[in-house]
Amino acid sequence: MKFDDVLREIGEFGLYQKRLMFLLCVTTCSVIMQNISPVFTIKIPKHRCKIPTYPNDTYELQSPDHAYLVNETIPLRNGEYSKCTLYDVMESDGTENRTERACNDWVFDKSVFTATLVTELNLVCQRKMYRSHSSMMIFAGKFVGAFLNSMGGDYFGRRRVYTFMMLALIGTSVGIVFVSNLPALMAFRFMAGAFSTGSYLCTYVITLEILGTRYRRFASIVSKCANSFAMLTGTLFAYLLRDWHHFQAALASPGIFLFIGYFFIPESPRWLVSKGRHEEAQKVLEVVARVNGRSLPPRFQIEAPASMAGARAASGPKGKQGFSLLSLFRVPRLLLRYTFLYFCWILVSMTNYGLMLNVSNMSGNIFLNFGIMSALDLFSVIFFALLIERVGRRPFVVGAVGLDWITRGLSLGGRMCVTAVVSALYTLSPELFPTVLRSFGLGSCSMMSRIGGVASPYVADLNTYVMGTFGAVLPQMVFGAAGLLTAVIMFFLPETRGRHLPETVRDAELFGR
């Protein structure tokens, strides 16, 4: 008997699964708060070169004499003070030759943020590339975190990897508050990205594998609702705490709930069965049944785990094929399928995070802009929840990325559409991988998506390097092209709506035929 049949007896969406979803929400909040931190911590405020002869120089004019000195020292560019140069005043033969030179010190407008990483580390002008590097390090860490999860989750178990990632994330979230130099900042951002992604993927896979077929989409829906809540909460923290140290400390708060949640997260019974640990799997199933107010009939207590474990022998001619990572890619059909899937993740991730980071480059109130985007994300989740089971995973992605391309000129509307696409991909992707390698499957998808994430801050900042009207729309053009390509690729992937999860590599190969 298949595992999904067992779940129907003990409860496909009972109290036990709902409790797991709460932990998934907390983990999601912790991850998203780390993701959004660059929007506020590396926001570039208005600035100009600091006047060398004025020790207490500030961006705000202090007096008429101060205004006169600024006008005499800082060149004007289209009615605004130059951000990167000042006059080098020299007198020769009774005349004044005013030449410009680059400066190494700046003053910043503190009306929005009293302190950011940009103002503390002077990440402007010739150092502005480090701003993109800072965001990139988070996504580089996510790549490593997804890799560690994809390899460790199927080998050591979902719960063990979660424990390690969770404890490391709590330590990193606290430690980043005390960063005082650029190398330390890069290192902590890298670790925050790695541990947050690893803990999330473990929790997501455990939750997905213990939900019934009809309810698997709820894992993505609940996760994305928590996503929007975390973004709105992070925006509120940023608005109330204008210093980045205080803001970063507030973002570490979900770590307390992560530690408590550890005592309630089980090992995935699907994974235990795939490893032949039948007794442990049966104990987990008994707990699930008891919490859900059900009972596991005697015939299930003995036969169900054994029958599910039989999937191991059906994995291939030698009985071991299902556990080899290479077995996923030896079959041409699966190799092509997962290659297409990986490209979708790369393109969607680049667009998703790029639009989020681009908020800091938009005109207007950054808190209002990001708050609206967060609210629109919530609407996109509702849109996803209503349609995903009616139209299917694949048509939903194609339709959403098409609408995303049309609305790309409206960056916030485009973000709403691409968020719905991410939700669909988180539902579709693990359903295409066999149980014995599902953690690797979702982890590898997440790992490949970080390639797009690494590129996203540089694409989002294209308008700071390419001037004029073309530079202003260039990021949207790149994101729009990525959306169109994603829609085309989706036609080559199978639909998974209403299908049983594949247990073995052979099941995955036959899936969609």
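The values are calculated or read from the model by the stated rules, or taken from the named source; none is laboratory data. Please read these numbers as outputs of a predicted model, since none were measured by experiment. We place every Cβ from the backbone using ideal geometry, glycine too, and count neighbours over all the protein chains shown. Areas reflect the complete protein model, heavy atoms only, side chains present, ligands, DNA and RNA absent. Shrake-Rupley method; radii C 1.70, N 1.55, O 1.52, S 1.80 Å.
For Asp88, the residues 5 or more places off, or on other chains, whose built amide H falls under 5 Å of its own are Thr99, Glu100, Arg101.
The listed peptides 426-432, 179-185, ordered by packing as a protection proxy, come out as 426-432, 179-185 (highest mean of other Cβ atoms within 10 Å first). Accessible area of Arg330 (1.4 Å probe, protein heavy atoms only, ligands and nucleic acids ignored): about 150 Å².
Sorting the Cα pairs of the range 147-241 by distance into bins of 10 Å, from 0 upward, gives 15, 34, 36, 13, 2 percent per bin.
Sorting 238-247, 447-456, 200-209 by average packing, meaning the other beta carbons within 10 Å per residue, from highest down gives 200-209, 447-456, 238-247.
Accessible area of the range 3-119 with a 1.4 Å probe: how many percent of it is carbon plus sulfur? Could the numbers behind the result be given before it?
Working: 2950 of 5680 Å².
Solvent-exposed carbon and sulfur of the range 3-119 make up 52 percent of the total.
Find the accessible area per residue for the range 2-114; the probe is 1.4 Å, ligands and nucleic acids are left out, and the unit is Å². Before the final figure, lay out the partial values.
On the way: 5720 Å² over 113 residues.
Solvent-accessible surface per residue comes out at 51 Å².
When each of the peptides 104-113, 142-151, 20-29 is scored by the mean number of other C-beta atoms lying within 10 Å of its residues, the order from highest to lowest reads 142-151, 20-29, 104-113.
How would the range 127-202 be classified by its alpha-carbon gyration tensor: rounded, prolate or oblate, with rounded meaning a/c under 1.5 and the a/b versus b/c comparison settling the rest? Don't jump to the answer; show the numbers that get you there.
Values: a/c = 3.84, a/b = 1.87, b/c = 2.06.
Because a/c hits 1.5 or more and a/b fails to exceed b/c, the range 127-202 counts as oblate.
Based on the Kirkwood approach, the hydrodynamic radius assigned to the range 1-83 is 18.5 Å, with every pair of different Cα atoms included. Heavy-atom accessible surface of Arg438, to the nearest 10 Å², is about 0 Å², with a 1.4 Å probe and all protein chains retained.
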